[in-house]
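Visitor: Can you read through this structure? Questions will come right after.
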């Protein structure tokens, strides 16, 4: 989503550095390595390997914020529950969820309300332990209490730091507004009644002052907007966008990092303290803001070759929307139930583009992951966008199973049906990893394109976004393609095919999150490479399927 702050940041950066933004094709990652970008060989796979290949429909669950199921480039590929009669208010298929036509919403209420903003997990941890440890004397605590106290301190530090950042952000926006409005005044005076047109802007001397240069650049960015005909129109639009920018910071203060905020009680109305409770929520699979999930869904399964928008990675896919991620951190109970719902209703691949720094009920998610493994379902998860080493700092959820006591095993057992994905840049050489991507030679399996990924947006729109959230569905799409062509392969074999066929990168690269450190790209993940659809299919073709397929009935 474009905001004024983003536009202004780009303008100021360009003025300071003397150059503009690099233009990248919307389909940059479709190509093969060596064709200008580190692509995934998608075009080659479709023109060569997949040509004339028969495919079987694969259901991919997208556990996310919701999907715009009526989108022009998605609607034909949205999963429909064959056992449910729409709108009759009856649980026709007896799966415990009434009218779950296209999936389920675990953060909705029985009266149709939906959770929008929610707290972060750090806030919940801090709020739950504050009464206990706010005035505690560490010297008097038992060993178990000391560990809980350390968790409290970590959560408190996170919350305090983020609150301060939000307050600082609001002050910066106030300064930005003052500076920008000054530039509008200078621009308005220089135009001296002339129309706000490109020709009239070009006639102004940008070198006369920094305010003039800024005013010209801002105006040129907005001239394509039909609402902008005068400098007053521009002022009004800028104020509106700055108001939106302020909302994101204010929401952090009001909701995300406010321990007294809890939408769960009044909206979802489940018994949150009962981790075994499964049947709650509603059937609104779009929710109040399906932007993130719609973008993710398009990467996996936008309709191919329809001359609309873009092409998804997978050829024959149905997208199941399972809403469990609010504007804030997902809750472990919802994630566990979302995984189980997806598995029970036929998903063969589950994409999970979410994560957090605390996991209060990880055992619930672990049990759901084990359940998915028993049912031969592959889970694909985004590694996170903190520029951190996941080998050293735990990112939740993850593939490591936890002991019931809450501690990871010394010889941690890992889920074999789990793929962890880092984000690749469109740039090569030392800039190959996305600068925000988490990494880890033990915890991150491979990288996939995750910067400037063009995909579907709500209301039949399209836009590029970035994040490991975009890299994960690329891999989920590859997994779905393999399962579509080779349905007898198990989840473990599909994972093997993907990890054993990566495009290796041996360049020395900037360590994500660091301005100075460099390391071989091969040290950032288990495989040291990037997903490659064509090579993964070729590898899969050499495997003997271990899965028994049901015979088709007449």
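Visitor: Within the stretch 166-188, can you find the residues that are within 19 Å of residue 237 (Cα to Cα) and without any contact (Cβ under 8 Å) to a residue 40 or more places away in the chain? If you could, list the steps in order and put the result at the bottom.
Guide: Going through the stretch 166-188, the residues within 19 Å of residue 237 (Cα to Cα) turn out to be 170, 172-188.
Of everything in the stretch 166-188, those that are within 19 Å of residue 237 (Cα to Cα) and without any contact (Cβ under 8 Å) to a residue 40 or more places away in the chain turn out to be 172, 174, 175, 178, 179, 182, 183, 185, 186.
Visitor: Output the number of the condition that residue 459 fails; it satisfies all remaining conditions of (1) assigned to a helix (DSSP H, G or I); (2) under 22 Å from the mean Cα position of the chain (by Cα).
Guide: (1)
Visitor: Right, here's the next one. Within the stretch 225-244, is even one residue in contact (Cβ under 8 Å) with a residue 40 or more places away in the chain and under 30 Å from residue 124 (Cβ atoms)?
Guide: Looking through the stretch 225-244, at least one residue is in contact (Cβ under 8 Å) with a residue 40 or more places away in the chain and under 30 Å from residue 124 (Cβ atoms).
Visitor: I would also like to ask the following. Does the stretch 377-392 contain any residue that is out of contact with any helix residue (DSSP H, G or I) (no Cβ under 8 Å at 6 or more places or on another chain) and either within 21 Å of residue 100 (Cβ to Cβ) or in a helix (DSSP H, G or I) (or both)?
Guide: Going through the stretch 377-392, the residues out of contact with any helix residue (DSSP H, G or I) (no Cβ under 8 Å at 6 or more places or on another chain) turn out to be 386-392.
The next check asks that each one be either within 21 Å of residue 100 (Cβ to Cβ) or in a helix (DSSP H, G or I) (or both); those that pass are none.
Looking through the stretch 377-392, none of the residues is out of contact with any helix residue (DSSP H, G or I) (no Cβ under 8 Å at 6 or more places or on another chain) and either within 21 Å of residue 100 (Cβ to Cβ) or in a helix (DSSP H, G or I) (or both).
Visitor: Go through the stretch 487-506 residue by residue and tally those that are surrounded by fewer than 20 Cβ atoms within 10 Å (Cβ to Cβ) and assigned to a loop (DSSP other than H, G, I, E, B).
Guide: As a first pass, look at the stretch 487-506 and keep what is surrounded by fewer than 20 Cβ atoms within 10 Å (Cβ to Cβ): 487-488, 490, 492, 496, 499-500, 504, 506.
Remaining after also requiring assigned to a loop (DSSP other than H, G, I, E, B): 487-488, 490, 500, 506.
Of the residues in that region, 5 qualify.
Visitor: Can you spot a residue in the stretch 278-287 that is assigned to a loop (DSSP other than H, G, I, E, B) and not assigned by TED's automatic domain parsing to the domain that holds residue 72? Show your work before the answer.
Guide: Step one: filter the stretch 278-287 for residues assigned to a loop (DSSP other than H, G, I, E, B), giving 278-281, 283-287.
From what is left, the residues that are not assigned by TED's automatic domain parsing to the domain that holds residue 72 are none.
Among the residues of the stretch 278-287, not one is assigned to a loop (DSSP other than H, G, I, E, B) and not assigned by TED's automatic domain parsing to the domain that holds residue 72, which makes the answer no.
Visitor: Taking the stretch 492-518, which residues are over 30 Å from residue 546 (Cβ atoms) and touching a residue at least 12 places away in the same chain (Cβ under 8 Å)?
Guide: Within the stretch 492-518, the first condition is being over 30 Å from residue 546 (Cβ atoms), and the residues that meet it are 505-518.
Scanning the stretch 492-518 gives 505, 506, 507, 508, 509, 510, 511, 512, 513, 514, 518.
Visitor: Got at least one residue in the stretch 321-331 being part of a loop (DSSP other than H, G, I, E, B), assigned by TED's automatic domain parsing to the domain that holds residue 109, farther than 20 Å from residue 467 by Cα and at pLDDT 95 or above? Break it down into steps so the answer makes sense when it comes.
Guide: So the first thing to find is which residues in the stretch 321-331 are part of a loop (DSSP other than H, G, I, E, B), and the list is 324-326, 328-331.
Okay, now just the ones that are also assigned by TED's automatic domain parsing to the domain that holds residue 109, so 324-326, 328-331.
After this cut, where a residue has to be farther than 20 Å from residue 467 by Cα as well, the list is 331.
Subsequent filtering for residues that are at pLDDT 95 or above retains 331.
There is at least one residue in the stretch 321-331 that is part of a loop (DSSP other than H, G, I, E, B), assigned by TED's automatic domain parsing to the domain that holds residue 109, farther than 20 Å from residue 467 by Cα and at pLDDT 95 or above.
Visitor: Residues being over 21 Å from the mean Cα position of the chain (by Cα) and surrounded by 21 or more Cβ atoms within 10 Å (Cβ to Cβ): count how many of those fall in the stretch 344-363.
Guide: Of the residues in the stretch 344-363, 1 are over 21 Å from the mean Cα position of the chain (by Cα) and surrounded by 21 or more Cβ atoms within 10 Å (Cβ to Cβ).
Visitor: Report the residue count in the stretch 361-380 for those that are closer than 18 Å to residue 419 by Cβ and touching a strand residue (DSSP E or B) at 6+ places or on another chain (Cβ under 7 Å).
Guide: Count: 7.
Visitor: Can you find a residue that is at pLDDT 95 or above, within 27 Å of the chain's Cα centre (by Cα) and under 30 Å from residue 130 (Cα atoms) anywhere in the stretch 281-292?
Guide: Yes, some residue in the stretch 281-292 is at pLDDT 95 or above, within 27 Å of the chain's Cα centre (by Cα) and under 30 Å from residue 130 (Cα atoms).
Visitor: Here is a further query. Could you tell me whether the stretch 479-486 includes any residue that is surrounded by fewer than 24 Cβ atoms within 10 Å (Cβ to Cβ) and outside any helix (DSSP H, G or I)? Reasoning before the result, please.
Guide: Narrowing the stretch 479-486 to residues surrounded by fewer than 24 Cβ atoms within 10 Å (Cβ to Cβ): 484-486.
Checking which are outside any helix (DSSP H, G or I) leaves us with 486.
Yes, because at least one residue in the stretch 479-486 is surrounded by fewer than 24 Cβ atoms within 10 Å (Cβ to Cβ) and outside any helix (DSSP H, G or I).
The values are calculated or read from the model by the stated rules, or taken from the named source; none is laboratory data. Being a predicted model, the structure only gives us computed values, none of them experimental. We place every Cβ from the backbone using ideal geometry, glycine too, and count neighbours over all the protein chains shown.
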